[in-house]
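These notes concern the structure reproduced below.
The values are calculated or read from the model by the stated rules, or taken from the named source; none is laboratory data. What you are looking at is a predicted structure, and each value in this text was computed from that prediction instead of being measured. Heads up, the Cβs are rebuilt from the backbone with ideal geometry, glycines too, and the neighbour counts pull from every protein chain shown. Each accessible area value is taken on the protein alone, full model and side chains, heavy atoms only, with ligands, DNA and RNA left out. Shrake-Rupley method; radii C 1.70, N 1.55, O 1.52, S 1.80 Å.
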Amino acid sequence: MIASDAVPVRLRVVLADDHAVVRTGYRRLLELEEDMEVVADFSDSDSTCQWFSGNEADVLVLDLSMPGRGGLETLARVKARQSGLKVLIFSMHDNPAMVAQALRAGADGYLTKSSEPDALIDAVRRVARGERALSADLIDALAGEGGRAAHLTLSPREFEIFRLLATGRSVDEIASRLFLSAKTVANYQTGIRQKTGLATTLDMYRHAEAHKLLDGSE
């Protein structure tokens, strides 16, 4: 993008990650680029979503593991509030199922935190241009994710609740965490059981462990 006076227009970037040191590092890295400025950064889902109620940005760099509603819910909410926003997931999760769910939920790109710093800079520019940016290590893995694993039948919201159920969280605990009613979560639980054929918490846990869907932070 070029302004009328030939001065490059900076990409407005927002960072959302629950680790302050990580956010500081991202900010310093991106603001070394002449065409980028970090206009805000947040440590939790609610603050991120609240900011987008009255502000706009070009790119949101979003971690999936954050306190509150979680990354997938945050993704859906900010996309609903600003339709033109590009969201780049930057996460420790490199499991193809997690990547596929994020892309289904509306992510414009997905980068793992093992990527080189230059890859993050490049990915921000690419999603801002309307391109899809994926870590090189994820492309082949995604190609093989077309199997008939039970979790592939779930929507992003169902997948998020499924992962919490698999860790042994109760319906009430999940409702509180995701700001939903217990009845809504119970209805999701019923639908998840019907779609996956996994009838008990133990069944869900075994399936999630077998497919490496848990990271221990849920």
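Annotations
- ARG169 accessible area, 1.4 Å probe, all protein chains in place, Å² to nearest 10: 80 Å²
- Helix axis angle, 182-196 relative to the chain longest principal axis, alpha carbon, degrees: 80 degrees
- Helix 117-128 axis, angle to the chain major axis (alpha carbon atoms, nearest 10°): 90 degrees
- Residue ranges 21-30, 101-110 sort as 101-110, 21-30 when ordered by packing (mean number of other C-beta atoms within 10 Å per residue, highest first).
- The angle separating the long axis of helix 20-31 from the principal Cα axis of greatest extent in the chain is about 40 degrees.
- Of the accessible area of segment 80-205, computed with a 1.4 Å probe over protein heavy atoms only, carbon and sulfur atoms account for 49 percent.
- Unit charges on C-beta of K, R, D, E only; dipole of the chain, Debye: 880 debye
- Other residues whose C-beta falls under 11 angstrom from the C-beta of SER114 contribute a net charge of -2, scoring Lys and Arg +1 and Asp and Glu -1.
- Tensor-based shape of the chain (alpha-carbon gyration tensor, a/c under 1.5 rounded, otherwise prolate or oblate): prolate
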